[in-house]
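Notes follow the structure.
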There are 2 protein chains.
Amino acid sequence: MSLLPKTARGEHSRAAIFEAALALFQERGYEATTMRAIAERAGVSLGSSYHYFASKEHLVLEFYRHTHQLHLVAIGPLLARERDLAARLRGVIRAVVVTCEPFHAFAGAIFGTVANPVSPLNPFGKDSKALRDEVIELYAEVVKGSDARLPDDIVTELPTLLWLYQMGILYFWIFDKSPGRLRTLEVIDQTTELMVRLLGLANLPVLRGSRKKILSLVRSVAQGA
Amino acid sequence: MSLLPKTARGEHSRAAIFEAALALFQERGYEATTMRAIAERAGVSLGSSYHYFASKEHLVLEFYRHTHQLHLVAIGPLLARERDLAARLRGVIRAVVVTCEPFHAFAGAIFGTVANPVSPLNPFGKDSKALRDEVIELYAEVVKGSDARLPDDIVTELPTLLWLYQMGILYFWIFDKSPGRLRTLEVIDQTTELMVRLLGLANLPVLRGSRKKILSLVRSVAQGA
DNA sequence: ATTGCAACTTGAACGTGTTCACTTTTACTG
DNA sequence: CAGTAAAAGTGAACACGTTCAAGTTGCAAT
């Protein structure tokens, strides 16, 4: 049972535990970091860690919230200034990998847990719903704040698709060993441009039938999860 | 260190361990099955299990090989008879989920391990290369054996894309709680039809530019992994 | 038959994440 | 201030996956 602290002392402990975990994850990697080491560095007992975080995996969930906040801060100016959809998308997704760069070394170990349908961290699950909705809402903002004219049915489903797209990019980024993670940045530039191009074609007569089918499919799949 | 058996006795032990693991995974699920329980049911010691399988996860890799064999047997007649690409695709992918149906209950627990970039089971990794190549080769056969006329550049990249598509379907299938897994079958029918339709459109002038870009992107991504 | 050696087998021991019955501290009430 | 209940904290104990040094088996060569 993971509890929110109700006293100043509790808040301090919880923060110390998370900070110790984050530091150790970066120093040694996720698996080499033991709960005992985290507790020791945080200056609390092993049992106390479990008072605030239900499991080692839940520390990772907190890590996601943390990077999401960093991401939001990083893209604030861009979203306020830029109106072109392709540029907004490119900037936001680029900011994701830039924000996560300091954690690249242990991100791989974490992704497995996240993709695990059984894990409490799995993006389609209950524990991560709040954060998921926040991220999807962010992409709704990316679309709505642009000057692109898109059909309503697309506007409805696009944020969820962009959320999935972001996860795909992160998965690629994890494997990316190129210097400065340049390959990932290239892929981001190409895919965002391509997506916006295809969105522009969505009203072509030959494609309208497919578009309806695709959107109906997307709705059906999104609802299932 | 996981070793292949060199004597009849060794083969018997290895088979017994795998069969015990498979049975227990089905009865209790992946995580509730302990290596001790597997060893006990197989009639060997705990240490012997590790003589043939480097880890609990490697038992899952063997499980993949097993289901792949079942899948190959199941689709043999279809591939020999049917020439229509959409029908071949639909049949092959449907056969995947039908073959895996008996293992649905514990498939979820396994997928996390598979998606984990750090795990030896991760599909892009070394240990699973042989099996991955086999599956991609299967989809090459699905495409080549059809009467569809596709541009060479597409024929080259399509098998890998279909392999990825199959994994996507399996991920959806894991979450599917509908009776008889009907939703998954529906999604398969819709997506295969859609894909073949889009492949037919790939030569349209408006799309040719995008197609080149998409294929170049696919090549770049596939090579990265 | 004896030897030698590789294949095979064993289970105690290690470090891990997690649990839980218990103690200590904190904050509030009368 | 005393009392008390909630919050915070503790560490021994548990079951697990994994390792390893030592043991046993079977067979080919001498």
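Points worth noting:
- Most mobile listed residue (B:PRO159, B:PRO102, B:PRO120) in chain B, GNM with C-alpha springs under 10 Å: B:PRO102
- Segment B:1-88, relative contact order in percent, only Cα pairs under 8 angstrom and at least six apart counted: 30
- Share of Cα-Cα pairs in chain B lying beyond 29 Å, as whole percent: 35
- Relative contact order for segment B:69-150, counting Cα pairs under 8 Å that sit 6 or more residues apart, in percent: 35
- Theoretical FRET efficiency, 1/(1+(r/R0)^6), r = Cβ-Cβ of A:HIS104 and A:LEU131, R0 22 Å, to 0.05: 0.60
- Inter-centroid distance (Cα atoms) of segment A:38-102 relative to segment A:128-154, Å: 19
- Kirkwood hydrodynamic radius of segment A:29-88, from inverse mean 1/r over distinct Cα pairs, in Å: 14.1
- Judged by the ratio a/c of the largest to the smallest principal axis of the C-alpha gyration tensor, segment B:1-113 counts as prolate, that ratio being 1.5 or greater while a/b is larger than b/c.
- Mean separation of Cα contacts under 8 Å, 6 or more apart, over the residue count of chain B: relative contact order %: 17
- Rounded to the nearest 20, the size of the Cβ-charge dipole of chain A about its Cα centre is 320 debye, with Lys and Arg at +1 and Asp and Glu at -1.
- Charge tally around A:LYS213: other residues with Cβ under 13 Å, Lys/Arg +1 each, Asp/Glu -1 each, net 0.
- Most fluctuating residue given options B:HIS12, B:HIS68, B:HIS58, as computed from a GNM of chain B linking Cα atoms under 10 Å: B:HIS12
- Cα-based reach from B:LYS6 at 26 Å (exclusive), listing lysines while leaving out same-chain residues under 8 positions away: B:LYS56, B:LYS126, B:LYS129
- Lys, Arg +1 and Asp, Glu -1 on Cβ, resulting dipole of the protein assembly as shown about Cα centre, debye, nearest 20: 360
- Cα centroids of segment A:188-216 and segment B:168-196: 22 Å apart.
- Within straight-line reach of A:LYS177, meaning a Cα separation under 16 Å, sit the following aspartates and glutamates at least 8 residues removed in sequence or on another chain: A:GLU101, A:GLU186.
- Farthest toward the positive end of the dipole of the protein assembly as shown, out of B:SER128, B:LEU46, A:PRO77, is the Cα of A:PRO77, where the dipole comes from beta carbon charges about the Cα centre.
- A Förster radius of 56 Å combined with the Cβ-Cβ distance from B:LYS6 to B:SER220 puts the calculated FRET efficiency at roughly 0.85.
- Think of the protein assembly as shown as having a plus end and a minus end, set by charges on the Cβ of Lys, Arg, Asp and Glu; of B:VAL60, A:GLY180, A:ALA20, A:GLY180 sits farthest toward the positive end of this dipole.
- Neighbourhood net charge (12 Å Cβ-Cβ; Lys/Arg +1, Asp/Glu -1) for A:ASP147: +2
- Put simply, the amide H of A:SER2, placed in the peptide plane, has neighbours under 5 Å in A:ALA54, leaving out anything fewer than 5 places away on its chain.
- Cα-centred dipole magnitude for segment B:94-153, charges only on beta-carbon of K, R (+1) and D, E (-1), debye, nearest 20: 180
Bear in mind these aren't lab numbers, they're just calculated from the coordinates by the rules spelled out. Since this is a predicted model, take the numbers as computed values, not measurements. Heads up, the Cβs are rebuilt from the backbone with ideal geometry, glycines too, and the neighbour counts pull from every protein chain shown.
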